[in-house]
1. At 222 nm, what helix-only mean residue ellipticity would the chain give, in deg cm²/dmol to the nearest 500, using -39500 (n - 2.57) for each DSSP H run of four or more?
2. If you average the alpha carbon positions of region 1-36 and of region 44-72, how far apart do those two centres end up, in angstrom?
3. Let me check I've understood the local charge: for GLY6, count other residues with C-beta under 10 angstrom from its C-beta, Lys and Arg +1, Asp and Glu -1. What total comes out?
4. Sum up the charges of everything whose Cβ sits under 13 Å from the Cβ of GLU355, counting Lys and Arg as +1 and Asp and Glu as -1, but leave GLU355 out.
5. Output the DSSP H helices from the chain with an along-axis C-alpha extent of no less than 30 Å and a mean Kyte-Doolittle hydropathy no less than -1.0.
6. Between GLN11 and LEU195, what is the label-point separation in nm under the 7 Å Cα-to-beta-carbon projection?
7. Of LEU287, LEU266, LEU75, which is the most mobile in a GNM of the chain whose springs link Cα atoms less than 10 angstrom apart?
8. If amide H atoms are built 1.01 Å from N in the plane of the peptide, which residues on other chains or at least 5 residues away come under 5 Å of the amide H of ASN325?
Amino acid sequence: MKTANGHEIIQLFEQFSPKVYAMEDDKIGLQIGRLNKKIDKVMIALDVLEEVIDEAIAKGVQLIIAHHPPIFRPLKNVITDTVQGRMIEKLLKHDIAVYAAHTNLDVANGGVNDLLATALGLKNPEVLVPTYVTKLKKIVVFVPSSHAEEIRKVLGITGAGFIGNYSHCSFSSEGTGRFLPGENTNPHIGHQGRLESVNEVRIETIVPEQLLKRVVTAMVKAHPYEEVAYDVYPVENKGEVLGLGRIGTIDEMTLGEFAERVKTGLEVDKVRVVGDLSSPVKKVAILGGDGNKYFKHAKFKGADVYITGDIYYHTAHDAMMEGLNMIDPGHNVEKIMKKGVTETLSKMCEESGYEVDIFASEINTDPFKYI
């Protein structure tokens, strides 16, 4: 195991939640501090409040990965006798970096909306609001027959070869590779100055553009040749459709019964409900955070109920007139990302051989109390 630096940790995180998934003008990425330092403690937080910063200081954290960006509106100044200025001062004095992953984490597979859908037991969840179509590349590599299976395995493990619900998809054809090792070479097969002929396999597969660098790096590392022959082609095929929110089904129950499931599954004491509590619910849409403007997407896709936070008074009226039930469990249910991201990033770091302690913030950042 080895100690990672901040750039290495974030490179792993962005394989899971790439920046390209974010909505336009979203404030994501490194917001405070630096990444060119060793990291042995990472804290995952929903919000970056002063209490959260104090927790990070007490626990010796070098990096906070947060869902809600602490700097969302442009700062005109940093005055340290204001709350925000004092927060930034504390972070800089203790060399704690803050990285924000907002709508990109909402969109990502395994991100906020998938975690919420899983917590509510949605079956066969699909994207509610499409926002991004994955761009694809075709990668072709030539490898000696003896190492073909190993290279196919590496390509599949690192994310190449996914077509729909199928993984490790590839095509192989056999042929003869020829090369002449020159001076200062150390060929795996053959000798300097002698033309060699080798039984090789051409392996070709599809890879999402955002994973291309990762796949090529792993492939080259596993390849036996000193100089690896491979090609990358653009393709017109459409990749996976990603987006905000999820919609799926549950075993039929009443709106009132489902509201109780929401309270239990999302760990909240109270919810606001729009609609007849005795009405049947089978198709469910959910969108973490403030999803007011997307309620018509839920209605169009046939949802019986739409779950989102911060429901406006007039949005509730509009939904009632459309015949759509709504449940508002609050914006803070996105806290589910703390556990989810902790588990995902910890696994990725372990697989990469990084010795780093990743844990969730224990501070409750919900500003509301229900009395």
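1. Result for the chain, helices only: -8500 deg cm²/dmol.
2. The distance from the Cα centre of region 1-36 to that of region 44-72 comes to 15 Å.
3. +2
4. -2
5. Correct list, ordered by number: empty.
6. Between LEU195 and GLN11, the label points sit 4.0 nm apart.
7. Ranking LEU287, LEU266, LEU75 by mean-square fluctuation puts LEU75 first.
8. Placed amide hydrogens put TYR306 under 5 Å from ASN325.
The values are calculated or read from the model by the stated rules, or taken from the named source; none is laboratory data. Not measured: the values here are computed from a predicted model. Ideal geometry is used to build each Cβ from the backbone, glycine not excepted, and the neighbour counts take in all protein chains shown. Surface accessibility is based on the protein's heavy atoms, side chains included, excluding ligands, DNA and RNA. Shrake-Rupley method; radii C 1.70, N 1.55, O 1.52, S 1.80 Å.
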